[in-house]
Amino acid sequence: MVNVVRGYKREGDIKIKSSGGMPLIEEIYTFLVDAENKDVSRFEIFNSTPAIPVPTVTVSSYGLTVCKDVSLTRDTAIATLWHGTANFSSAVEENQEGSEKAGGNPEAWVPVYETKFERLQEILAKDTKDIAIANSAGQPFESGIIRARFIPVWEFFQIESASVTDEQIVDRNETVNSAPFKGKAAKTLLCTILSSALGFYYGSPRRLTQYSIKYNKTDWRLKRADVGTVYVDGGEHKPYLDAEGNVMLGGLDGSGAKVPVGDPPEILIFDQFVAINFSTFLRT
């Protein structure tokens, strides 16, 4: 006779919670082991009993959790009977080993978002009423107007197919949304990749990527007052002079020409991040 797992008991538990923005599943299985004889050592029970769950290797019947630890307790009345407890968890770890049992589809799960806030400093070109910031003579202030404000940041993990390449991940980093996404206007969301790893997750080879999405309601384009010490006249650059013939920093109309005296300069807008369609890779 050899040590054998008699079977699993009715007792057991399952718990689902959020951990770091990811759904975490924890299961407890209980079972009985018949030892070959009453003198079998504790180590032999673990090492010589087929079908006992193996930590980091055995996957649960649904394929979503991996064994984390196993304990065995000898029955107080029957010396050859052992009571076993195995704890399973879906906690994601790189290079987990295990079988490729199917069960559920983590690649379709909508991530759990964690909302944070961070301080953003920006140079203002217009005020809240969309009026260019300049002095009463229409000249922009030399040092600019700097505003600091808090913006929301959403961080989350997303389980993805192992077929997603590093190049695709790189192409998603530091990009803005080309179209409205989750109710936010185009170019107001900035996506950065915090980490991305290939491993054995939730019972199969997959990629685990951590994203950060920052929302700037005034969008992520650079806005600068159109000013310079030269202007365009007749296709030529000419110095921008004051009434006494001194070169000055003057306002321009967005086409290189002078603005009328007293008028503020035009505001120029520049794209500093590549715009892509977030809906092609982020699940909502």
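Taking the range 27-79, which residues are acidic (Asp, Glu) and assigned to a loop (DSSP other than H, G, I, E, B)? Show your work before the answer.
Taking the range 27-79 as the starting set, the residues that turn out to be acidic (Asp, Glu) are 27, 34, 36, 39, 44, 69, 75.
Selection gives Glu36, Asp39, Asp75.
Which condition does Asp130 not pass, out of (1) modelled with pLDDT of 90 or more; (2) exposed (fewer than 11 other Cβ atoms within 10 Å of the Cβ), if it passes all the others?
Here Asp130 meets the rest and fails (1).
(1) surrounded by 18 or more Cβ atoms within 10 Å (Cβ to Cβ); (2) in the same structural domain as Glu155 (by TED's automatic domain parsing); (3) outside any strand (DSSP E or B): which one isn't true of Pro264, the others all being true?
(2)
Any residue at all in the range 39-58 that's in the same structural domain as Ala86 (by TED's automatic domain parsing), surrounded by 13 or more Cβ atoms within 10 Å (Cβ to Cβ), touching a Pro at 6+ places or on another chain (Cβ under 9 Å) and of a type in the set (A, V, I, L, M)?
no
Considering (1) buried (at least 16 other Cβ atoms within 10 Å of the Cβ); (2) touching a helix residue (DSSP H, G or I) at 6+ places or on another chain (Cβ under 6 Å); (3) touching a residue at least 40 places away in the same chain (Cβ under 8 Å), say which one Ser196 fails and leave the rest.
So the condition that Ser196 fails would be (3).
Which members of the range 211-244 meet the condition of being within 30 Å of Glu160 (Cα to Cα) and of a type in the set (Val, Ile, Thr)?
Within the range 211-244, just Ile213 meets the criteria.
Taking the range 80-93 as the search range and keeping residues that are assigned to a strand (DSSP E or B), in contact (Cβ under 8 Å) with a residue 60 or more places away in the chain and of a type in the set (S, T, N, Q), which one is surrounded by the most Cβ atoms within 10 Å (Cβ to Cβ)?
Ser89
Looking at (1) modelled with pLDDT under 85; (2) more than 30 Å from Arg221 (Cα to Cα), which is the only condition Tyr113 fails?
(2)
State yes or no: is Ile276 within 30 Å of Val153 (Cα to Cα), of a type outside the set (S, T, N, Q) and not assigned by TED's automatic domain parsing to the domain that holds Arg119? Show your work before the answer.
Working: within 30 Å of Val153 (Cα to Cα): yes; of a type outside the set (S, T, N, Q): yes; not assigned by TED's automatic domain parsing to the domain that holds Arg119: yes.
Answer is yes for this residue.
The values are calculated or read from the model by the stated rules, or taken from the named source; none is laboratory data. Only a predicted model underlies this, so the values are computations on that prediction, with no experimental measurement involved. Cβ sites come from the backbone with ideal geometry, for glycine too, and all protein chains shown count toward neighbours.
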